[in-house]
Each structure stands twice: as C-alpha cells, then as structure tokens.
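Structure, as structure tokens:
The values are calculated or read from the model by the stated rules, or taken from the named source; none is laboratory data. Owing to the predicted nature of the structure, the values given are computational and were not obtained by experimental measurement. Counting neighbours? That spans all protein chains shown, and the Cβs are built from the backbone with ideal geometry, glycine included. Quick note on the areas: whole protein, heavy atoms, side chains included, nothing else; ligands and nucleic acids left out. Shrake-Rupley method; radii C 1.70, N 1.55, O 1.52, S 1.80 Å.
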Amino acid sequence: MSTSPSAGPAAEIGVIGGSGFYSFLDDVEEVRVETPYGPPSDPIAVGELAGRRVAFVPRHGRDHRYPPHKIPYRANLWALRSLGVRQVLAPSAVGSLAPHLGPGTLAVPDQLADRTHGRAQTYYDEGAAVHVSFSDPYCPAGRRTAVGSARTAGWDPVDGGTLVVIEGPRFSTRAESRWFASQGWTLVGMTGHPEAVLARELALCYTPLCLVTDLDAGIEEGEGVTMDEVLRVFGENIGRLRALAADVIATLPAERTCPCPRALDGMEIPLELP
Ligand SMILES: CSC[C@H]1O[C@H](OP(=O)(O)O)[C@H](O)[C@@H]1O
Ligand SMILES: Nc1ncnc2[nH]cnc12
C-alpha cells in the first residue's frame, strides 16, 4: 500500500530493528513510503502496541540485504518522520570494549564517537547551512525509560557509555579495538551513525538499545568476532529485547518533556517535509 504523508500521523513511536531483529509487531499494515532519498530499507510496518501507534523498519531489510554502509539511513528516518513518528527506539547488536560487559549485556549509551567515512550524514547538503547541536546525541527521557524498563525486567542495564561506530562491514583489528578502549569507549557497532544524527536533524528523539553480542577483538582471546556469533547471541536474547522495547513503548511519556530539539516542530530548520 502507498501512503501519502499528508494522510496524517500514522505512528508516534518508531523502532528501527537491527541485526537479527527483522520484525516486531503483530497485525501490521505495511506502508510503502516514498522519500526524496529513495525507499526505506523495507515497507514500514505500522501497528499498535500498548495503545501506542508504532512504526517498525528493519534497517538491514528483513533479509539483511543492506550492509551497514549501504543502509538507506536518510530514507528510513525520513519515512518514519513523515508517518508522524517523534521518538525512535534503535535496537542494535554491538561488541563490547570492556571485559566486564559480556555477551547478553544490555547497554543504553549516552555518547557516540563516529569513525565512519563516506556515509551521507545530513539532510542539509544544499541551500542554507544548518549545523545541529549534537553534544548529547540521545534522548535523556528515552534513555531513562529504557534503563528503568530494563531494571524492571530483571536486566542489569549499563546506563551510559560511548558507542564507537566503525565503517565496517569488516570487524575491527585488535589494534583498533584496543585503541577504541583506550579512548574510554565501551561499545562498538556499525550502524549508530549516521542514524542518530539524522534523527536529530529531523527533530526526532532517538534512544539506542544496545545488546552486547561479543567481546571485540581487543579483549577477545580467541579467533575474533564473527557474524555468526553476533547473530547467534542476538538470537538468544531477542525475546527479552523485544519485551524490553514493548515495555519502553508502553512507558514512554506521551508528551515529550525532554530537552531534545523540536526544530521542525518550531520550524527553526528550513527543511520542507511533506
Ligand atoms: C551481524 S554482524 C555486524 C552487524 O551487526 C550490527 O548490526 P545492527 O547495529 O544493525 O544491529 C552491526 O552494526 C553490524 O551492522
Ligand atoms: N564487535 C563488533 N564490532 C562492530 N559491530 C558489531 N556488532 C556486533 N558486534 C560488533
């Protein structure tokens, strides 16, 4: 089905599923949204959960056809925003840069370090120069809710830390991994950037839900992380991660009270959204 963005908000909360997280809601309507950046990774699945309207897209596509550097990040965020989404939950499989954060750990980082290159990371390539503030990349209210929901579920979440985002698709060398850890960075992934900054440019709150699937090369004593290992460990935890996302959705305040920019709501950014 094709939906005109002028049809009105179809969803308020968006979920972008990562590796191993290819579907979320039961009883969905699949919405094909066209964007100036091409189609999103898949049609957006829109449904209801705990009385909230939710839109889901798997960032790699449901058949994992997009590697991290080829994901249509701009189209995904734009499509969610055009459906009315204002808050995005971003589950992701990540490596750990700290020995005490083992596989199965749930982390809600508060910082991001970008080590990607060559990815389109802005909607503002032409026209007026726009420089969004990004000192705190994630939504504090979303983070607080996620940490609280995880504790309620009996998880012992890591509240804070820095996610370094590498270009991929290869994993890090041991030297790179040790260097990242020496910077004080705690988690490593391949998709957290530019997803978070594009959300910021669209005035969307963005909350990462990072599941540690492996110890990265610098602290790993064996052969090094593999894609199979990531998907296996993620698969062992997908049930409780889904439950966590559902609880966060049910608990997130309906009114946004966080300090995240409302640039588009306030029309400060001259982006013409349909
Ligand atoms: C499947 S191995 C590496 C792959 O897993 C992570 O994906 P996501 O962040 O979407 O869960 C990582 O970023 C890589 O893209
Ligand atoms: N070790 C790792 N490095 C980068 N991305 C990952 N995703 C899951 N584990 C990862």
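For the reader, a short list of remarks on this structure follows.
- Full extension of the chain segment joining ARG240 with ALA128 gains 35.9 nm, where the gain is 0.36 nm per residue of separation less the Cα-Cα distance.
- The heavy atoms of SER23 present about 60 square angstrom of accessible area, all protein chains included, probe 1.4 Å.
- Per residue, in Å², the accessible surface of the chain once ligands and nucleic acids are set aside, probe 1.4 Å: 43
- Here the chain is treated as an ellipsoid with the same Cα gyration tensor; its semi-axes, largest first and in whole Å, are 28, 21, 18.
- Dipole of region 13-259, positive end: most advanced residue of VAL230, SER182, VAL31 [Cβ charges, Cα centre]: VAL31
- Beta bridges per DSSP, both residues in the chain: antiparallel share near 30 percent.
- Hydrodynamic estimate: the Kirkwood radius of region 225-266 over Cα pairs, inserted into Stokes-Einstein at 4 °C and 1.567 mPa s, corresponds to D of 98 µm²/s.
- On Cα atoms only, tilt of 73-82 relative to the major axis of the chain in degrees: 40
- Separation of the ASP136 and ALA153 label points, Cα + 7 Å toward Cβ, nm: 2.4
- Qualifying GluC sites (Glu not before Pro) in region 148-252, DSSP loop, other Cβ atoms within 10 Å at most 16: GLU167, GLU221, GLU223
- Per-q log10 I(q)/I(0), region 1-131, q = 0.14, 0.21 Å⁻¹ (Debye; single scatterer per alpha-carbon; no solvent): -0.70, -1.33
- A Förster radius of 25 Å combined with the Cβ-Cβ distance from GLU221 to ALA120 puts the calculated FRET efficiency at roughly 0.10.
- Calculated mean residue ellipticity at 222 nm for the chain: -8000 deg cm²/dmol, from DSSP H runs with n ≥ 4 weighted as -39500 (n - 2.57), summed, divided by the residue count and rounded to 500.
- Percent carbon-and-sulfur accessible area, the chain, ignoring ligands, DNA and RNA, probe 1.4 Å: 50
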